[in-house]
Amino acid sequence: MKHIKRTATAVALTASALLVSACSSGTAPETTENAADGRPIVNKDNWPEKIPTSGLTKDLSLPLEAYMASYEDQVTLEQAASDLQQSCMKDYGINLTLPRAGANPPPSDNDANIERRYGLTDRAEAEKYGYELPPPLQEHTEQTMRDLSGVEVEVLTGHTKPELPKAPEGVKAGAAFASPGQGMKPARAEYNGKKLKTGGCIGWSKGQLGVQEADPVAVAQLAGDSLVQSMKDDKVIKAIAAWSSCMDGNGHAGLADPYKAMDQGVTNDGKPSQESIALAVADIDCKDQTDLVKIWFGVETAIQNKQIADNKSQLTGIKEQHGKEIAAARKQMTTSAQ
């Protein structure tokens, strides 16, 4: 069960990590082209759908998703904060272009990761890519940003630039081996005759948008718990056993659950093999034949409805706070565009 819990929690939290990573990348207007290959910096065509429109999870949305931030909202908040930070830096006489948000989207719209929550679910994609992500989601759009001077870091962050110790023997110079925050001190009081803002321009931007730094994974943790609980339910246990038997009958023996199939089907180089594609297709066909996704989703929906009832006050507060932040971010972006 420890392995199951780790797997289930990872499924629920992976999208959250991807969102943070994707929203941290992004630098020029959406029409700006990547100089290397002509791809746009931000291509919304590659953004995940809010609710799946194909596969076994088509039109499915878990109850807790109503309390999760969508990828679009994450990008909006990130970009609004970035615009404010650039404006703030300019007030100190510093011209800075920050990476643009939304350049490297995750495979799922929110922390539920519904498309792969119960393993693979889209047969059309499985036939092409096996267990791998579609090529557009495997690409990474690089956005160059100039190295900031010490004083620029202070104005932006409210603390001094981290001091990187001398690289140990055998480690390439500049390698990221230092601990975050190593050697940092509070920033100077003012620059160019202006007092620095508390937390720098980053801290100021959060204040302008009303960001309260609430626990970003609180809802995802509930979703991880619901997935773990669902796997202990008799109906899910029987459905997974039926799926496993179906897989065995199709020449794929020894797979206790869909996560085992994913572990086995993922290739080392990110390129699907004929074997991994065959496994992926059989995986989805057996889910379809046993109604595994429908049964599992139904059980987890009931669990999450109870979670929502038990945590109504906390979840309502998270949703309301998120709504205020996004409203402020949209207003800011509208103002910046004028």
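Tell me yes or no: at least one residue of segment 311-318 is within 17 Å of residue 112 (Cα to Cα) and exposed (fewer than 15 other Cβ atoms within 10 Å of the Cβ).
No.
Under the condition of being small (Gly, Ala, Ser) and more than 17 Å from residue 157 (Cα to Cα), which residue from segment 62-87 is surrounded by the most Cβ atoms within 10 Å (Cβ to Cβ)?
Residue satisfying both the conditions and the ranking: 69.
Does at least one position in segment 199-216 carry a residue that is among the aliphatic types (A, V, I, L, M) and modelled with pLDDT of 95 or more?
yes
Answer yes if at least one residue in segment 203-218 is under 30 Å from residue 322 (Cα atoms), touching a Gly at 6+ places or on another chain (Cβ under 6 Å) and not aromatic (Phe, Trp, Tyr), and no otherwise.
yes
Any idea how many residues of segment 44-57 are in a loop (DSSP other than H, G, I, E, B) and either on the phi > 0 side of the Ramachandran plot or surrounded by fewer than 17 Cβ atoms within 10 Å (Cβ to Cβ) (or both)?
Residues in segment 44-57 being in a loop (DSSP other than H, G, I, E, B) and either on the phi > 0 side of the Ramachandran plot or surrounded by fewer than 17 Cβ atoms within 10 Å (Cβ to Cβ) (or both): 6 in total.
Among the listed residues 325, 300, which satisfies the condition of being within 21 Å of residue 215 (Cα to Cα), of a type in the set (D, E, K, R) and crowded, with 19+ Cβ neighbours inside 10 Å?
So the residue among 325, 300 that is within 21 Å of residue 215 (Cα to Cα), of a type in the set (D, E, K, R) and crowded, with 19+ Cβ neighbours inside 10 Å is 325.
So which residues in segment 197-238 are touching a residue at least 60 places away in the same chain (Cβ under 8 Å) and among the hydroxyl-bearing types (Ser, Thr, Tyr), if there are any at all?
Matches in segment 197-238: 205, 226, 230.
What is the residue count in segment 272-297 for residues that are small (Gly, Ala, Ser), buried (at least 20 other Cβ atoms within 10 Å of the Cβ) and either over 19 Å from residue 256 (Cα atoms) or in contact with a Leu (Cβ under 9 Å, 6 or more places away or on another chain) (or both)?
Final tally of qualifying residues: 1.
Please pick out the residue among 275, 320, 325, 300 that is under 28 Å from residue 218 (Cβ atoms) and free of Cβ contacts under 8 Å to residues at least 12 places away in the same chain.
On inspection, the qualifying residue turns out to be 320.
Within the group 239, 220, which residue is within 17 Å of residue 56 (Cα to Cα) and touching a helix residue (DSSP H, G or I) at 6+ places or on another chain (Cβ under 9 Å)?
Unique residue meeting the criteria: 239.
Residue 109 - would you say it is assigned to a loop (DSSP other than H, G, I, E, B), at pLDDT 90 or above, in contact with a helix residue (DSSP H, G or I) (Cβ under 8 Å, 6 or more places away or on another chain) and of a type in the set (Asp, Glu)?
In short, yes.
Please specify each residue of segment 149-169 satisfying the condition of being modelled with pLDDT under 95, hydrophobic (A, V, I, L, M, F, W, C) and out of contact with any Phe, Trp or Tyr (no Cβ under 8 Å at 6 or more places or on another chain).
Residue satisfying the conditions is 164 alone.
The values are calculated or read from the model by the stated rules, or taken from the named source; none is laboratory data. If you're wondering where the values come from, they're calculated on a predicted model, not measured in any experiment. With ideal geometry, Cβ positions are generated from the backbone for all residues, glycine too; neighbour counts draw on all protein chains shown.
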